[in-house]
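Take a look at the structure set out below.
The values are calculated or read from the model by the stated rules, or taken from the named source; none is laboratory data. This one's a predicted model, so the numbers in the text were calculated from it and none came from an experiment. For neighbour counting, all protein chains shown are included, and Cβ atoms are generated from backbone atoms with ideal geometry for every residue, glycine included.
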There are 2 protein chains.
Amino acid sequence: MATGRNHRPATRSRGIPEATVARLPLYLRALTALSERSVPTVSSEELAAAAGVNSAKLRKDFSYLGSYGTRGVGYDVEYLVYQISRELGLTQDWPVVIVGIGNLGAALANYGGFASRGFRVAALIDADPAMAGRPVAGIPVQHTDELERIITDNGVSIGVISTPAGAAQQVCERLIAAGVTSILNFAPTVLNVPDGVDVRKVDLSIELQILAFHEQRKSGEDAEGPARKGPDGDMPAVMPA
Amino acid sequence: MATGRNHRPATRSRGIPEATVARLPLYLRALTALSERSVPTVSSEELAAAAGVNSAKLRKDFSYLGSYGTRGVGYDVEYLVYQISRELGLTQDWPVVIVGIGNLGAALANYGGFASRGFRVAALIDADPAMAGRPVAGIPVQHTDELERIITDNGVSIGVISTPAGAAQQVCERLIAAGVTSILNFAPTVLNVPDGVDVRKVDLSIELQILAFHEQRKSGEDAEGPARKGPDGDMPAVMPA
DNA sequence: CTCTGTGAAACCATTCACAGCG
DNA sequence: CGCTGTGAATGGTTTCACAGAG
């Protein structure tokens, strides 16, 4: 998972389940690919395969949006693309700022997937004065001093944090004070935010650690014996790394 | 979530729930910070706050690992760091290859969080011959032709894919054929893998789309009326973007 | 008397299986 | 007759609340 905190609680009646929301972008991507190949309709089975889920789940997901399919036929690709885009709020333009233009920030600025789907990089912000004015992905980097003005002037409500961990909380607070209410956090820290602000977290090393866990289980299938309680899995005198 | 497919089913008895595994790295990070400040013990309440979860969940999570706490006192920081590290398989060294050294691949190679926790970047691989030999993060980039040899020679079982979407499936297949059994995929595609191979996916644009969904709900709290079925939310003549 | 460890309850998500529409 | 849409069954996760260890 890559989600932070602050997930809309059980409030809101006609709500779409979080798990479903998280899959809509996947369906949208698969549908866009079909649309580009001018495929007119698609069955739940086919679309599910393209999105990497099973068809029952997909149909249940779509049932939360409404009845957009045709029994015996499938779904109209163009129509679904539009309905999902609208549901996700992608029919409007979302200006985004990226704070922290190191290696990762630059990668994000250059990432085509942003611009393609309703997101527009409104500004790049970095604390290093030496970066100021230098263009990254064709956009000039601005100094952190300008942060509040940039947010306000551009009506930015989504911010991306790709600073070092130490700077993240402070940047987060300034973004929120200036009006940002959704944050995508790449810094390896827990961000504390007030109610009403959504945070999603993407953490590279966490993902690797989860893989390592499963990887370990693959090899150690056999002599797995003692692992619980007591001084069997005891600590060595010298700590590893 | 950022997980792909292929999650170990209900097999394996004494298994730790996936949701718990996904949080262990969070606890570990919080504990490491405490350890660096030489804090000897911590209560479930304090540690939970530092990790951004609630304390009941944390205690339940730890209960799957064993009884590592002391009632009335809390947890021994150093001891827990070791136990969680061991459970995650971080007491051993994991050589990793990164395939696709564009902006993102370079960012990953430079990312300190890898090296710090048992992961070692064994090689950087790119399809562009012009990149070959050029050092990134102090490691020379090697050509894709070398992929199989590199995997074998270094005993790599974890691969990171940061290529363009079009190349990802093919790279994935070569990695698997060469012996990789865990993949962290940054390319915006669904990877098809055989059983026994774990895939986790990190998708920047998907995270943003999920934020946009919630963001949209914040403003449109009022005039939300019609959204279901029928030709109310009908498609415009011209498709957006 | 504090704080862990954990059954039991509540909640959410996935899967099954099939009625019924086109 | 094929495929969607959906109740009902199942399985997993979170939260509650408290017994009992230290």
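Below is a table of values for the structure above.
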| read-out | value |
| --- | --- |
| Any helices (runs of 4 or more DSSP H) falling wholly within the range A:91-179 and containing at least 2 residues that are within 17 Å of the chain's Cα centre (by Cα) and within 11 Å of chain B (Cβ to nearest Cβ) | A:103-110, A:112-116 |
| Set A:176, A:151, A:210, A:161: member being at pLDDT 95 or above and either of a type in the set (Asp, Glu) or not assigned by TED's automatic domain parsing to the domain that holds residue A:132 (or both) | A:210 |
| Residue A:77 vs. criteria surrounded by 15 or more Cβ atoms within 10 Å (Cβ to Cβ), more than 8 Å from chain B (Cβ to nearest Cβ), modelled with pLDDT of 95 or more and more than 20 Å from the chain's Cα centre (by Cα) | yes |
| Residue in the range A:56-72 that is under 18 Å from the mean Cα position of the chain (by Cα), under 25 Å from residue A:202 (Cα atoms) and within 16 Å of DNA strand D (Cβ to nearest atom) present | no |
| Breaking point among (1) among the aliphatic types (A, V, I, L, M); (2) more than 8 Å from every other protein chain (Cβ to nearest Cβ); (3) more than 18 Å from residue B:20 (Cβ to Cβ), for residue B:84 | (3) |
| The range B:180-216, residues that are part of a helix (DSSP H, G or I), within 17 Å of the chain's Cα centre (by Cα) and of a type in the set (D, E, K, R) | B:207 |
| Single condition residue B:86 does not satisfy, out of (1) touching a residue at least 12 places away in the same chain (Cβ under 8 Å); (2) more than 16 Å from DNA strand D (Cβ to nearest atom) | (1) |
| Residue within the range A:33-41 that is outside any strand (DSSP E or B), of a type in the set (Ser, Thr, Tyr), outside the structural domain of residue A:141 (by TED's automatic domain parsing) and touching a Leu at 6+ places or on another chain (Cβ under 8 Å) present | no |
| Residues of the range B:107-160 that turn out to be touching a Gly at 6+ places or on another chain (Cβ under 6 Å) and surrounded by 13 or more Cβ atoms within 10 Å (Cβ to Cβ), as a count | 1 |
| Per-region count, the range B:58-85, residues over 23 Å from residue B:15 (Cβ atoms) and either near DNA strand C (Cβ under 8 Å from one of its atoms) or not in a helix (DSSP H, G or I) (or both) | 6 |
| Hits in the range A:30-57 - residues which are within 16 Å of DNA strand C (Cβ to nearest atom) and among the polar types (S, T, N, Q) | A:41, A:43, A:44, A:54, A:55 |
| Residue selected from the range B:185-200 under the condition more than 7 Å from chain A (Cβ to nearest Cβ) and more than 16 Å from residue A:33 (Cβ to Cβ), by the criterion surrounded by the most Cβ atoms within 10 Å (Cβ to Cβ) | B:185 |
| Residue in the range B:194-207 that is modelled with pLDDT under 95 and of a type in the set (Ser, Thr, Tyr) present | yes |
